[in-house]
Ligand code: ARG
């Protein structure tokens, strides 16, 4: 490694081989180009695929068994160094693949230079990222399922706890808390399906595609696939090195899931406020104020709200990277990783936070019931009562709206109205009016499939258990 007149260091080449470059790399170019700072997290997949690759090279007679054994021993040592945190990255390690090969050659000697036979970094990196996506998508599906279970348990604990349901954040119609929590269960059930799909998209082995056209050796890709847990090999070498759909699919699933969690976070922020007072969040997922001793801040719930756009941005950014990108490998593709990694880290933390908060939230039955017993939320039921007596719904809607207006103007409750006053609004209003206003009637009347009546919520709980059992 000689110096040069410009004062830049001459880039080292792997195994001290001859370089085609007369000029050294500009240090800023090296910083721009280097990915080892973030792609080092791929090392377990890189080591695993290199092991499988070395084995395949020997099995197909491309390298000797002796060389294979030397490579495997060297990879074992490199793996131990990486696992123990003893591995020393160098400034001129461009990426994790080159760092591992550089170290392998130091540890095992020149035989290290045989590992890259019939392999390019293009199929190598696609393989690492596919393995990573498959693993994290499967893990996400599991974490989503754990949250589904937590929601289901919470729904069962609060089966008949009334609360107001909202539209436009205005009290609309009462529902049971179980019903509301199960709404998230079904969102997450769809998320889980999306992660399972994403994992399936990462199930074709790119390795063996070489730089783009295939390799000059009769490799055994099927054997490699089996060893690395892929169910099949990619059909087309050009597609194999260009493809990052599995990363997009993970990110798309993560973006939708994080968006769902942001809605849960938003509701937990509202519900845990003094104004709502519907629940208290567990201490483990809240923090105090540095100034105001009485405060208990729902930071985790707030962050559930705010992290989602970040995950969505990663999806959007990778779409941007891939947009109009000519085939095959381009260095642009290196920009898949930070988006993917940050989305994985963010989503996994958000799922843990959502689970912790739902498991530990203490709901206030009285407070929710009081909010749900506001008679105004029975307005639709009163209109439907008129419909049952033959009034057209649109007319009934107007009649009850007039009644509500009078009640608000006069500062009265709907149940205060006398039969005579009611009759002034509509002949049919007096019949059954006060029964309709009786608490609980509005909930139990929602008997349509998927509605909040207990009989329907019980159906839903059974369906939810089945969804979890048939995952
Ligand atoms: N660090 C590179 C990446 O993440 C590895 C592949 C490099 N391939 C190449 N032809 N320069 O994409």
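Observations on the structure shown:
- Residues that are free of Cβ contacts under 8 Å to residues at least 12 places away in the same chain and either exposed (fewer than 13 other Cβ atoms within 10 Å of the Cβ) or under 35 Å from the mean Cα position of the chain (by Cα) (or both), drawn from segment 428-445: 435, 438
- Some residue of segment 116-133 being more than 16 Å from the ligand (Cβ to nearest atom) and buried (at least 18 other Cβ atoms within 10 Å of the Cβ): no
- Selection of first residues in segment 199-213 that are in contact (Cβ under 8 Å) with a residue 60 or more places away in the chain and closer than 13 Å to residue 226 by Cα and of second residues that are within 16 Å of the ligand (Cβ to nearest atom) and part of a loop (DSSP other than H, G, I, E, B), restricted to Cβ pairs under 8 Å at least 6 apart or on distinct chains, gives the following pairs, ordered by first then second residue: 206/243; 207/119.
- Pairing each residue of segment 27-46 that is over 18 Å from residue 124 (Cα atoms) and part of a helix (DSSP H, G or I) with any residue that is modelled with pLDDT of 95 or more and within 12 Å of the ligand (Cβ to nearest atom), provided the two are 6+ apart or on different chains, yields C-beta distances under 8 Å for 30/94.
- Check on residue 144, more than 16 Å from the ligand (Cβ to nearest atom) and either without any contact (Cβ under 8 Å) to a residue 60 or more places away in the chain or touching a strand residue (DSSP E or B) at 6+ places or on another chain (Cβ under 8 Å) (or both): no
- Qualifying residue in segment 140-159 (condition: in contact with a helix residue (DSSP H, G or I) (Cβ under 8 Å, 6 or more places away or on another chain) and farther than 30 Å from residue 368 by Cβ): yes
- Test: residue 160 is away from the ligand (no atom under 16 Å from the Cβ), touching a residue at least 60 places away in the same chain (Cβ under 8 Å) and in a loop (DSSP other than H, G, I, E, B): yes
Conditions tested, residue by residue: (1) closer than 26 Å to residue 170 by Cα; (2) touching a residue at least 12 places away in the same chain (Cβ under 8 Å); (3) in contact with a strand residue (DSSP E or B) (Cβ under 9 Å, 6 or more places away or on another chain).
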position	(1), (2), (3)
310	no, yes, no
323	no, no, no
331	no, yes, no
351	no, yes, no
365	yes, yes, yes
387	yes, no, no
393	yes, no, no
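- Selection status of residue 83, more than 22 Å from residue 220 (Cβ to Cβ) and within 16 Å of the ligand (Cβ to nearest atom): no
- Identity of the residue in segment 271-288, in contact with a strand residue (DSSP E or B) (Cβ under 9 Å, 6 or more places away or on another chain) and not in a loop (DSSP other than H, G, I, E, B), that ends up farthest from residue 363 (Cα to Cα): 287
- Qualifying residue in segment 332-344 (condition: loosely packed, with under 13 Cβ neighbours inside 10 Å, more than 16 Å from the ligand (Cβ to nearest atom) and at pLDDT 95 or above): no
- Within segment 215-243, the set of residues being within 16 Å of the ligand (Cβ to nearest atom), surrounded by fewer than 22 Cβ atoms within 10 Å (Cβ to Cβ) and outside any helix (DSSP H, G or I) comprises just one member, 215.
- Segment 54-101: number of residues that are part of a loop (DSSP other than H, G, I, E, B), over 35 Å from the mean Cα position of the chain (by Cα) and loosely packed, with under 14 Cβ neighbours inside 10 Å: 2
- Condition check for residue 325: under 30 Å from residue 34 (Cβ atoms) and away from the ligand (no atom under 16 Å from the Cβ): no
The values are calculated or read from the model by the stated rules, or taken from the named source; none is laboratory data. Owing to the predicted nature of the structure, the values given are computational and were not obtained by experimental measurement. All Cβ positions, glycine included, derive from the backbone under ideal geometry; neighbour counts span all protein chains shown.
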